[in-house]
Each structure stands twice: as C-alpha cells, then as structure tokens.
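Asks: What follows is a single structure, and I will ask about it in a moment.
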Amino acid sequence: MSEKIRVCPRCGSTQVEIVRSTTMTASNPINYRCKATDCGYLGTVCAELDADDLERFQLAIKQASTQ
C-alpha cells in the first residue's frame, strides 16, 4: 500500500495545505489551499491519491485543461 498524497483538484500540484478556521464545525468544513503560484485554488475539496496514481492524475488534469 502506498502513501496517500493530497493533490490540488484544479492543477494537480502536491503543494496543498490545510487552512483551518478558528471554529471547526460541520457547517464550517476544512479548506484546502494550493500554494502553486499559478493556481490559487481554495476550496473544501482536495484529492487524496496513492503515490502510484499521482502521475496519471496530473496527466488527466493537464489534458482536461487543454480541451
């Protein structure tokens, strides 16, 4: 079993950090921020992949963004 990696759903970067709120409740979920300079994603959805699947996911993101 390989390690799980957080990946930005917009650009495929692994430079994702958790942005915690001062009040964690069900109505205030965890947010994720992509630290890649050209992305800026901020949202409640973050892909978690096996390290083995990372390259395939990043290729799919790149192909989808060029269509």
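Asks: Taking region 32-51 as the search range and keeping residues that are in a loop (DSSP other than H, G, I, E, B) and over 12 Å from the mean Cα position of the chain (by Cα), which one is modelled with the highest pLDDT? Reasoning before the result, please.
Replies: Pass one, region 32-51, residues in a loop (DSSP other than H, G, I, E, B): 35-41, 44-46.
Next cut, over 12 Å from the mean Cα position of the chain (by Cα) only: 37-38.
Working: Thr37: 87, Asp38: 91.
My answer is Asp38.
Asks: Which members of region 40-61 meet the condition of being over 9 Å from Pro9 (Cα atoms) and in contact with a helix residue (DSSP H, G or I) (Cβ under 8 Å, 6 or more places away or on another chain)?
Replies: The one that is over 9 Å from Pro9 (Cα atoms) and in contact with a helix residue (DSSP H, G or I) (Cβ under 8 Å, 6 or more places away or on another chain): Leu49.
Asks: Write out, first by first residue and then by second, each pair whose Cβ atoms fall under 6 Å of each other, whose residues are 6+ apart or on separate chains, and whose first residue, in region 49-67, is of a type outside the set (Val, Ile, Thr) while the second is surrounded by fewer than 11 Cβ atoms within 10 Å (Cβ to Cβ).
Replies: Final answer for the pair search is Asp50/Ser2; Ala51/Ser2; Ala51/Glu3; Asp52/Ser2.
Asks: Between residues in region 3-21 that are without any contact (Cβ under 8 Å) to a residue 40 or more places away in the chain and residues that are surrounded by 12 or more Cβ atoms within 10 Å (Cβ to Cβ) and among the hydroxyl-bearing types (Ser, Thr, Tyr), which pairs lie under 6 Å by C-beta distance while being six or more apart or on different chains?
Replies: Close Cβ pairs satisfying both conditions: Cys8/Tyr41; Val16/Tyr32.
Let's see how each residue does on (1) among the hydroxyl-bearing types (Ser, Thr, Tyr); (2) surrounded by 10 or more Cβ atoms within 10 Å (Cβ to Cβ); (3) modelled with pLDDT of 90 or more; (4) on the phi < 0 side of the Ramachandran plot:
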site: Arg6; (1), (2), (3), (4): no, yes, yes, yes
site: Pro9; (1), (2), (3), (4): no, yes, yes, yes
site: Glu17; (1), (2), (3), (4): no, yes, yes, yes
site: Ile30; (1), (2), (3), (4): no, yes, no, yes
site: Asp53; (1), (2), (3), (4): no, yes, yes, yes
site: Thr66; (1), (2), (3), (4): yes, no, no, yes
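The values are calculated or read from the model by the stated rules, or taken from the named source; none is laboratory data. Keep in mind it's a predicted model, so treat the numbers as computed, not measured. Positions of Cβ are backbone-derived with ideal geometry, glycine not excepted, and every protein chain shown enters the neighbour counts.
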